[in-house]
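Worksheet: the structure to be examined is printed underneath.
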Amino acid sequence: MNMNIKLPPTTARSFIDLNLFGRSNHQYRLEDENIFLETKDLNLFYGQQQVLQSINLSLPKHRVTAFIGPSGCGKSSLLRCFNRLNDLIEDSRTEGQILLDGEDIYQPRTNVAYLRRKVGMVFQKPNPFPKSVYENVAYGLRIQGIKQRKRLDETVETSLRAASLWDEVKDRLKENALGLSGGQQQRLIIARAIAIEPEILLLDEPASALDPISTLKIEELINELKAKFTIAIVTHNMQQAARVSDYTAFMYMGQVIEFGSTNVLFTTPKYRQTEDYITGRYG
Amino acid sequence: MKAWWGSGEPWVWLAASTVALCLLMVFSLLAFIAVQGLGFFWPAPIMQAMHHTPGTAPTRLVGEIYHQDEVPVSRLTKAWQAPFAAHQEVTRYLIKVGNREHYGLDFRWVLKAHLQDIQYPPTLSVVERLEWGNAYGDIEALQENGVTIAEGEAVWEMLESRLQRTRDLRQQIKQIEKQPLGRIHFQLEKLRLQARKLSLQHRLTPEKIAEFETQRREQEALSQQLHDQLAVLHQAMQRDSLLLREMQGQHIVIPLAKVVQIIQPNRLNGMEKLHYYGLRLWHFVSSDPREANTEGGVFPAIFGTVMMVLIMSIIVTPLGVMAAVYLQEYAKPGFWTQLIRISVNNLAGVPSIVYGVFGLGFFVYLLGGNIDAWFFPEAAPAPVFGTPGILWASLTLALLTLPVVIVATEEGLARIPRSLREGSFALGATQYEVLRYTVLPMATPAMMTGLILAIARAAGEVAPLMLVGVVKLAPSLVLDNNAPFLHLDRKFMHLGFHIYDVGFQSPNVEATRPLVYATAFLLVLVILVLNLTAFWIRARLRERYKSLETM
């Protein structure tokens, strides 16, 4: 996508047998999609340091878009632009536009708290509040001032069901969430995020701190959730990206090198750098 | 050997023994205070002896051996030095002989060598009195309206019931004085102030005057009734008295009305002694002081200390927490924030008496004076808030302990993991909501730590309090059942100041020395209880946020 770095094209050849992961080799095409989130010439600075360089991306609605790339390439920072979490960092500065459902979220009159209700986020390490399971899920509603017991109860249940955690915790809703296992905690965070009915979910390496079985559960969950939400996921795990995503963006040093249908990107990457990264020769 | 040094083992030993030394010092300090203070309440045996000093006729001496030491002969008066060699050391007793109204002093120094025929006869009694301290001697008779009704051993059969009767009467009198009579005085003063207020505002109409007058008459009539009742009770109290033969054979009449307790310690067995020990200890913590604080209890001082600490906590916690929240969460880090932070830290090092002076000048005179001028003009010239009182003392101490609370809370806030704040922000919380629902609840243990440190520092302060509200003897407690119940303008007593007063300002130094220890021990105990309560609350809060450290 971005041409700031000149890269030699690769030879067209299949690098990873995607059928291995039991997915169809359907090739998604951006032209057919309904674009939900779009960045236009997005630059991000932390102080003097430029972290993101003119990012132009389109995230289609109800699709899973994976961001891969070596550590420090800016994938997490990009994700944190989508809900303006970078605002919390001293000296951070953003240029360009991010259109969410056609509206620029970096306008001065944007209500950031309201924006974040539409953009749910799950972090690398599970970060449940030191409250009960129930209160963790109800947190977002409570700060919106919702007090009706019935509505809270319903939302907690549906969110926990949607995060396929309900059966495991329905008898311990009043217990401290810190007592759950890591995998359960991470699904609790997902339940917490979807309880406020966002339109897009940002997952920042959601399985990196989990064991393989919990990881699998999270991946299955992502597959189910995409029917309702647009999902952006940052991952270090190439196979995970291949397994769960419809689109993949490969980032390197603050730039998006290549972006496209996962099947295309993993089988016939356009650039040498992408090829090196996904075959494990680099990064 | 070299390997042993290199292993660091000696340093471990050194560190461990330093800890042991510190513990030893703390415990021996506490043990010393406890033994000195608490031993005082144990019923001591009463000695009887002939006191024979060179050149005088022998006299009978009755009393408790209070203290014993060895002195070089050269320190004795000339007359007493005669039979001893110049460099000898002789044993000297301090004997509490009581009967202060006769002998002027409770105590007498005597040499062991001058005492002959030391005995502990079981008939000797000690009478603890409301006035003039203890009386020692033999009880000869019990009198009713001046007529002897029992003599010798027979006295003891009737004594307890009659003592109980006077105790009950005394209790009744106290109730009347405290409750209805106290309330009438309070009402009368209120009426006077109301009338004065209206007259200052030129709204004192003749009808109002008449109204106040009728009310005043009502209250005074009530008061007269009560006074009549009291007179009857006092009369009844005077009925019984004891005839006591003191050590030199004089007879003393002691009205039972003035008696707290009579025991014959030489006759008591261990269990009975323990019973009296508990009783005296209970008297000490539960009753008012008597005889210029040299006798009686310290209850008002305990109450004042606790009240002051509580009021201070209520003031300092919100102030400190709010300041810390602003500094840590809202203020932009930079030169000025850092400057403020350093200044706050340095405030903790300002000597406490300086705070006392500030409290007197700013709170008492400026603030209190103006409050009086604006809200209580009718009370003039008597000040209401323009004089030292518990509110100003608590405020001064709150100021003194504010830095501790700020620093502890700031540390607590800084420790809340960033991931939790971000988690909350990501759910659409504003900064206020993040603080309110996530950060502040999790920082409560740190706030409690600040409060614990503040209490520890405040409860032991005496110097600033002397300027802003503590008195030797407060006529009434800060809390009573006259509206508005909590009287923040009142002066109060404080255990720390009580120690100073009893120890250094007392006319009867020997008598009060054990009280100093006992009060000191009590102060330590009160602080311990206050701290333990705070610790307990903090432990419960921590329980709720446990495993926070793993994140």
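Assorted remarks:
- In degrees, nearest ten, helix B:440-459 long axis to first principal axis of chain B (Cα): 30
- Per residue, the protein assembly as shown reaches -15000 deg cm²/dmol at 222 nm when only DSSP H runs of four or more residues are counted, each adding -39500 (n - 2.57).
- Using C-alpha pairs below 8 Å separated by at least 6 residues, the relative contact order for segment A:173-258 is 26 percent.
- The amide H of A:F36, built 1.01 Å from its N in the peptide plane, has A:L59, A:K61 as neighbours under 5 Å, considering only residues 5 or more places off or on other chains.
- Shape category assigned to segment B:12-110 from the gyration tensor of Cα positions, a/c cut at 1.5: oblate
- Too-long pairs where the Cα-Cα distance tops 27 Å, listed order kept, from A:K131/A:K217; B:K112/B:K258; A:K118/A:K270: B:K112/B:K258; A:K118/A:K270
- In Hz, Karplus ³J(HN,Hα) per residue of segment A:140-153 (6.51, -1.76, 1.60; θ = phi - 60°; x = Gly, Pro): x, 6, 4, 6, 7, x, 7, 10, 4, 4, 5, 5, 4, 4
- Helix axis angle, A:212-225 relative to chain A longest principal axis, alpha carbon, degrees: 90
- Summed side-chain charge close to B:F425 - residues other than B:F425 whose Cβ falls under 12 Å, Lys, Arg +1, Asp, Glu -1: +3
- ³J(HN,Hα) computed for each position of segment B:93-105 - Karplus, 6.51 cos²θ - 1.76 cosθ + 1.60, integer Hz, glycine/proline x: 10, 9, 10, 8, 9, x, 6, 4, 5, 9, 9, x, 10
- Shielding of A:186-192 by partner chains, average beta-carbon count, 10 Å: 1
- Contact order relative to length of segment A:80-235, as percent, for alpha carbon pairs under 8 angstrom and 6 or more apart: 28
- Contact order relative to length of segment B:1-149, as percent, for alpha carbon pairs under 8 angstrom and 6 or more apart: 18
- Whether chain B is rounded, prolate or oblate, judged on the alpha carbon gyration tensor where a/c under 1.5 counts as rounded: oblate
- Acute angle (nearest 10 degrees) that the helix B:182-200 long axis makes with the longest principal axis of chain B, alpha-carbon atoms: 50
- Max mean-square fluctuation residue, GNM over chain A, Cα-Cα springs under 10 Å, options A:T268, A:T65, A:T230: A:T268
- Within segment A:167-283, percent of DSSP bridges classed antiparallel, to nearest 5: 55
- Environment charge of B:V325, counting only residues whose C-beta is closer than 12 Å and scoring Lys/Arg +1, Asp/Glu -1: -1
- Charged side chains reduced to their Cβ positions (Lys and Arg at +1, Asp and Glu at -1) give chain A a dipole of some 420 debye around its Cα centre.
Bear in mind that the values in this text are calculations on the coordinates, not laboratory data. In this text the structure is predicted, and so the values were computed from the model without any measurement. Neighbour counts are summed over all protein chains in view; Cβ atoms, including those assigned to glycine, are modelled from backbone coordinates with ideal geometry.
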